[in-house]
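Note sheet for the following structure.
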Amino acid sequence: MQLFLFRFSLKRREQADAFQRVPANGGEYSREVWLREIFSDSFKFTHRSADSFFVPEIPTKVGLPDNLIVGWIARDKTLVERTAPWDGLDPTEHNSWQAALFLMDPTDHNDGQKVAFEYRTDVAMPEPILASLASHFDGGEISEPFSISAFPITQSRSFSKFAEQNAGTITSITYDVAVPNMFNNPGDFTDEMKVLRDKGNVSRVKTELKSDGALDTAGSNLNEIAEHVEKGGGRITAKTMDGGRYQSDDYLVTEEIDTGQAETETGSFWQKIAVAIDRIF
């Protein structure tokens, strides 16, 4: 099993309306409480014009820590088969449901709101389907108190290494980032993004930097932006004069789990997941 690691960045919506979800006590949701509530029940969302489903799993029922959100993202697939030989081997088809494991730490700390999602070719690529999942909470019948941006966690210093190896030749850099809501590292970029979030109601920033010569990556705050991206705060692409390219999506962080032939219902499967959780979260 291969798990891809992501971060959910949540931004509180400014405008409340009569149809906005509110907690039972009538107060204001924290990010953690809201995440726990929306992932506590099954729901349907659209991915590439087809229905997908989230189905929760009770963590303690399968021996996982109760601070995690555990569930499955499922899609159906039409299988074309034939009937048995004694029934004439006639063409037939039926729906088969496949599901990928979803794990999340919703707690509010510097490494919180982290997601581990199983990559299965019969379900979907992790990044697009999690983006569809996040979009599900925009524009529904119930107005949600937060919007979600979902970005993959990438390898530490991957951009810095590229910038060092291509110093003096980088001509353009594009970054698409979610405004910080949990990273408390000091820096000009983080401060600027928080101002945009709090004063300008901005949830994401996409910018392209170009030069008629070469960009000075060492003399700017681009490394700070890269560190934000690597934690799961966005993505970066870059180009050099000689056609070289950097894409943060090429450096995704994954966790391999040797589940063998263990079925998901068995204790062996969940024991191996529990061991991996200690490394992931």
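Values computed for the structure shown
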read-out: Filter result for the condition that a residue is open to solvent by 20 Å² or more (accessible area, probe 1.4 Å), among the hydrophobic types (A, V, I, L, M, F, W, C), modelled with pLDDT of 90 or more and not in a loop (DSSP other than H, G, I, E, B), over A274, A214; value: A274
read-out: Strands (runs of 3 or more DSSP E) lying entirely in the range 1-85 (those with 3 or more residues that are among the aromatic types (F, W, Y)); value: 2-12
read-out: Number of the exception - E32 against (1) acidic (D, E); (2) surrounded by fewer than 16 Cβ atoms within 10 Å (Cβ to Cβ); (3) out of contact with any strand residue (DSSP E or B) (no Cβ under 7 Å at 6 or more places or on another chain); value: (2)
read-out: Residue in the range 176-194 that is over 27 Å from R21 (Cβ atoms), modelled with pLDDT under 75 and of a type in the set (F, W, Y) present; value: yes
read-out: Single residue of the range 55-80 satisfying the filter (open to solvent by less than 80 Å² (accessible area, probe 1.4 Å) and acidic (D, E)) that is nearest to M125 (Cα to Cα); value: D76
read-out: Search result, residues across the range 77-114 that are of a type in the set (D, E, K, R) and at pLDDT below 90; value: K77, E81, R82, D87, D90, E93, D108, D111
read-out: Residue, farthest from F6 (Cα to Cα), within the range 239-262, restricted to residues that are touching a Ser or Thr at 6+ places or on another chain (Cβ under 7 Å), open to solvent by less than 50 Å² (accessible area, probe 1.4 Å) and touching a residue at least 60 places away in the same chain (Cβ under 8 Å); value: T240
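The values are calculated or read from the model by the stated rules, or taken from the named source; none is laboratory data. Please read all numbers here as calculations on a predicted model, not as lab measurements. For neighbour counting, all protein chains shown are included, and Cβ atoms are generated from backbone atoms with ideal geometry for every residue, glycine included. Protein only, heavy atoms only, side chains kept; ligands, DNA and RNA dropped before computing areas. Shrake-Rupley method; radii C 1.70, N 1.55, O 1.52, S 1.80 Å.
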